[in-house]
Amino acid sequence: MGEAEVEVEGSSSKDKRWSLRGMTALVTGGSKGIGHAIVEELAGLGASVHTCSRTESELSNCLVEWKAKGFQVTGSVCDVSDQAQREKLINTVSSEFNGILINNVGNNIGKTVSHWTAEDVSVLTSTNFESGYSLSVLAHPLLKASAAGSIVFISSIGSAMPANFGPIYGANKVCSISQVSFDFDE
């Protein structure tokens with residue numbers, strides 16, 4: 001019987017069916033918002049989770065909170081818009097990573113498009129699009145070796161319904177919906 005099928009006293013069939021014991025996950029941007037909820041859900045289902053945040057104090061507070069809840073969560077400071085930091089993040093998790101990559105991180109700049117600079121567009125694109133693509137490529141060998149790899153991209157309604165303050169954000173999130181397709185047999 002697989003670990004997910006083991007009868008646990010007091011557990012429901014849902015608990016057994018949705019067990020992620022033995023799996024690991026990497027969640028970008030896990031210290032707040034949707035990423036925080038994803039970390040808690042995966043850890044609550046038994047996965048070991050590693051997350052990252054640009055802000056050390058936010059990450060530290062979350063790690064204390066998760067430890068108090070009995071979750072197996074580790075974290076590191078990482079700005080995923082930077083390629084060197086993405087590489088360091090994957091190297092950090094490489095020895096234990098065997099399962100789920102959640103490309104969650106997202107950012108927007110709250111001003112009208114006519115006030116955006118080329119640097120603003122570059123920051124949004126590197127954070128919202130390039131980071132997910134790059135992390136997926138970097139994680140591919142680890143996911144392939146696990147034989148149970150999954151990559152999840154968190155998109156946004158902004159990809160289908162652009163607003164004055166978010167067309168570049170929306171365009172990046174449209175791209176993230178279908179940006180990566182790996183053949184794990186390569």
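The values are calculated or read from the model by the stated rules, or taken from the named source; none is laboratory data. Here the structure is a predicted model, which means the values were calculated and not measured. Using ideal geometry, Cβ is built from the backbone for each residue, glycine included, and neighbour counts are taken over all protein chains shown.
Tally the residues that are in a loop (DSSP other than H, G, I, E, B) and touching a strand residue (DSSP E or B) at 6+ places or on another chain (Cβ under 7 Å), restricting the search to the range 126-159.
1
What about Val73, is it under 12 Å from the mean Cα position of the chain (by Cα), closer than 24 Å to Ile154 by Cα, at pLDDT 90 or above and aliphatic (A, V, I, L, M)?
On the way: under 12 Å from the mean Cα position of the chain (by Cα): no; closer than 24 Å to Ile154 by Cα: yes; at pLDDT 90 or above: yes; aliphatic (A, V, I, L, M): yes.
No: the conditions fail for Val73.
Spot the failing condition for Glu65; the list is (1) farther than 20 Å from Ala37 by Cβ; (2) without any contact (Cβ under 8 Å) to a residue 12 or more places away in the chain; (3) not aromatic (Phe, Trp, Tyr), and only one is missed.
Unmet for Glu65, out of (1) farther than 20 Å from Ala37 by Cβ; (2) without any contact (Cβ under 8 Å) to a residue 12 or more places away in the chain; (3) not aromatic (Phe, Trp, Tyr): (1).
How many residues does the range 47-61 hold that are under 26 Å from Ser150 (Cα atoms), touching a Ser or Thr at 6+ places or on another chain (Cβ under 8 Å) and not in a strand (DSSP E or B)?
Residues meeting the conditions: 2.
Kindly list the number of the only condition in (1) surrounded by 15 or more Cβ atoms within 10 Å (Cβ to Cβ); (2) at pLDDT 95 or above; (3) over 21 Å from Ser155 (Cβ atoms) that fails for Asn98.
(2)
Among the residues of the range 62-84, write down those that are on the phi < 0 side of the Ramachandran plot and in a loop (DSSP other than H, G, I, E, B). So that I can check it myself, show each step before the final result.
Step one: filter the range 62-84 for residues on the phi < 0 side of the Ramachandran plot, giving 62-69, 71-84.
Across the range 62-84, the qualifying residues are Lys69, Phe71, Gln72, Cys78, Asp79, Val80, Ser81, Asp82.
If Val105 satisfies all but one of (1) at pLDDT below 95; (2) over 19 Å from Leu42 (Cβ atoms), what's the number of the condition it fails?
Every condition holds for Val105 apart from (2).
For Ser31, state whether it is among the small types (Gly, Ala, Ser), at pLDDT 95 or above, closer than 23 Å to Ile151 by Cβ and surrounded by 13 or more Cβ atoms within 10 Å (Cβ to Cβ).
Judged against the criteria, Ser31 is a match.
Give all pairs with beta carbons closer than 8 Å in which a residue from the range 18-32 that is touching a residue at least 12 places away in the same chain (Cβ under 8 Å) meets a residue that is of a type in the set (Asp, Glu); count only pairs at least 6 apart in sequence or on separate chains.
Ser19/Glu3; Arg21/Glu3; Gly22/Glu3; Thr24/Glu96; Ser31/Glu58; Lys32/Glu58
Specify which of the listed residues (Ala84, Ala118) is surrounded by fewer than 17 Cβ atoms within 10 Å (Cβ to Cβ) and at pLDDT below 95.
None of the other options fit; the residue is Ala118.
Can you pull out the residues in the range 62-81 that are over 24 Å from Ala145 (Cβ atoms) and crowded, with 20+ Cβ neighbours inside 10 Å?
Cys62, Trp66, Ser81
In a loop (DSSP other than H, G, I, E, B) and within 19 Å of Leu20 (Cα to Cα): is that true of Asn98 in this structure?
yes
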